[in-house]
1. Would you pick out the residues in the range 63-99 that are surrounded by 14 or more Cβ atoms within 10 Å (Cβ to Cβ) and in contact with a Lys or Arg (Cβ under 6 Å, 6 or more places away or on another chain)?
2. Show the residue pairs meeting these rules: Cβ distance below 7 Å; 6+ apart or different chains; first residue within the range 14-26 and within 20 Å of E52 (Cβ to Cβ); second residue among the hydroxyl-bearing types (S, T, Y).
3. May I ask you to list the residues in the range 129-156 that are more than 30 Å from K15 (Cα to Cα), of a type outside the set (F, W, Y) and either exposed (fewer than 11 other Cβ atoms within 10 Å of the Cβ) or touching a residue at least 60 places away in the same chain (Cβ under 8 Å) (or both)?
4. Can you tell me how many residues in the range 49-71 are more than 14 Å from I8 (Cβ to Cβ) and out of contact with any His (no Cβ under 9 Å at 6 or more places or on another chain)?
5. Test S87 against the stated conditions and say whether it is touching a residue at least 24 places away in the same chain (Cβ under 8 Å) and not acidic (D, E).
6. Keeping to the range 100-118, report how many residues are part of a loop (DSSP other than H, G, I, E, B) and surrounded by fewer than 17 Cβ atoms within 10 Å (Cβ to Cβ).
7. Residue by residue through the range 110-128, note down the ones that are over 27 Å from N64 (Cβ atoms) and more than 20 Å from the chain's Cα centre (by Cα).
Amino acid sequence: MKINSLQIEIDGIDKEILRNLMEDARKPILQIANKIGISGAAIHQRLKKLEEAGVISGSKFIINNKVLGYKTMAFIGVYLDKASSNSDAVRELKKIPEVLECHYTTGNWSILIKIICRDNEHLMQLLNKRIQPIDGVSRTETFISLEQQIERQIQL
């Protein structure tokens, strides 16, 4: 792994380790080591360096929202009355557990959020009672996702 001032260059072994762990973060290190042909200790050292360099930042379980009863995914463009309302609006959006992502954007909206809801009724309640009343929010534009067709991380 080479580190320059703007980015990190990882070698083929690092990429192979990362591909294996992106496929299944619970895959045993020794299984990866045997597949690649290096020691488990070498993989641990490389993973430590990748973490220190900020390339990876832990692992997580992926929850199936639909199985838990959350069937409506929506993207909401949030219009703010002024740019200085952004930090206050984001602070309030963080308090809403259904908000999965929040992006400061270019274009017509100030903020784009991704939310998960049980159904359209739940979505309407969130919009009317939690999101639109936030100080600084002038209006919202909502797009309901009918189906997520692609979900992936960057290819290595």
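The values are calculated or read from the model by the stated rules, or taken from the named source; none is laboratory data. These numbers were taken from a predicted model, which means no experiment stands behind them. Here Cβ is always computed from backbone atoms with ideal geometry, including for glycine, and neighbour counts include all displayed protein chains.
1. Scanning the range 63-99 gives Y70, F75, Y79, I96.
2. Partner pairs satisfying both residue conditions: A25/S59.
3. Filtering the range 129-156 down to residues more than 30 Å from K15 (Cα to Cα) leaves 129-147.
Narrowing the set further to residues that are of a type outside the set (F, W, Y) leaves 129-142, 144-147.
K129, P133, D135, R139, T140, E141, T142, I144, S145, L146, E147, listed by residue number.
4. Summing the residues that are more than 14 Å from I8 (Cβ to Cβ) and out of contact with any His (no Cβ under 9 Å at 6 or more places or on another chain) in the range 49-71 gives 13.
5. Numbers: touching a residue at least 24 places away in the same chain (Cβ under 8 Å): no; not acidic (D, E): yes.
So S87 fails the test.
6. If we filter the range 100-118 for residues that are part of a loop (DSSP other than H, G, I, E, B), which is where we start, we get 105-110, 118.
Applying the additional criterion that residues be surrounded by fewer than 17 Cβ atoms within 10 Å (Cβ to Cβ) yields 105-108, 118.
Summing the residues that are part of a loop (DSSP other than H, G, I, E, B) and surrounded by fewer than 17 Cβ atoms within 10 Å (Cβ to Cβ) in the range 100-118 gives 5.
7. N128
Yes or no, residue by residue, for (1) outside the structural domain of K114 (by TED's automatic domain parsing); (2) among the small types (G, A, S); (3) under 30 Å from D119 (Cβ atoms); (4) free of Cβ contacts under 8 Å to residues at least 40 places away in the same chain:
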residue: N34; (1), (2), (3), (4): yes, no, no, yes
residue: G37; (1), (2), (3), (4): yes, yes, no, yes
residue: A42; (1), (2), (3), (4): yes, yes, no, yes
residue: Q45; (1), (2), (3), (4): yes, no, no, yes
residue: S59; (1), (2), (3), (4): yes, yes, no, yes
residue: N64; (1), (2), (3), (4): yes, no, yes, yes
residue: V67; (1), (2), (3), (4): yes, no, yes, yes
